[in-house]
Amino acid sequence: MTNHDIIMNKTLWTFVGFVLFITGMIALVLSLVGVELVFLNWLQELGGLIAFLAKVSLVVAGVVVVALARTDWEQSEEEFEREI
């Protein structure tokens, strides 16, 4: 894998994480005023708690994906080896 491929891969995963985060936040805010996103309507049929947990999971998953995508694993590994 070339350096360019790694950068593009990080960019793609960062974008995916932001989309998950933004979608979850918008769904949570809209549900406060009684509006639902069309493609998430099926969640309401499962129950209010399940729908809420699914929306919160979207937000958390987005944050985790962005954090993992932006982490420099080689630098983290070097710092860990220095501590030992």
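The values are calculated or read from the model by the stated rules, or taken from the named source; none is laboratory data. This structure is a prediction, so every number in the text was calculated from the model and none was measured. Please note: Cβ atoms are built from the backbone with ideal geometry, for glycine as well, and neighbour counts cover all protein chains shown.
Answer with yes or no whether residue 63 is modelled with pLDDT of 90 or more, part of a helix (DSSP H, G or I) and within 26 Å of residue 10 (Cα to Cα). Answer is yes for this residue.
Restricting attention to segment 70-82, does a residue exist that is surrounded by 13 or more Cβ atoms within 10 Å (Cβ to Cβ) and under 18 Å from the mean Cα position of the chain (by Cα)? For segment 70-82, residues surrounded by 13 or more Cβ atoms within 10 Å (Cβ to Cβ) and under 18 Å from the mean Cα position of the chain (by Cα): absent.
Scanning segment 33-60 for residues that are closer than 15 Å to residue 21 by Cα, hydrophobic (A, V, I, L, M, F, W, C) and outside any loop (DSSP other than H, G, I, E, B) returns 40, 52, 53, 54, 56, 58, 59, 60.
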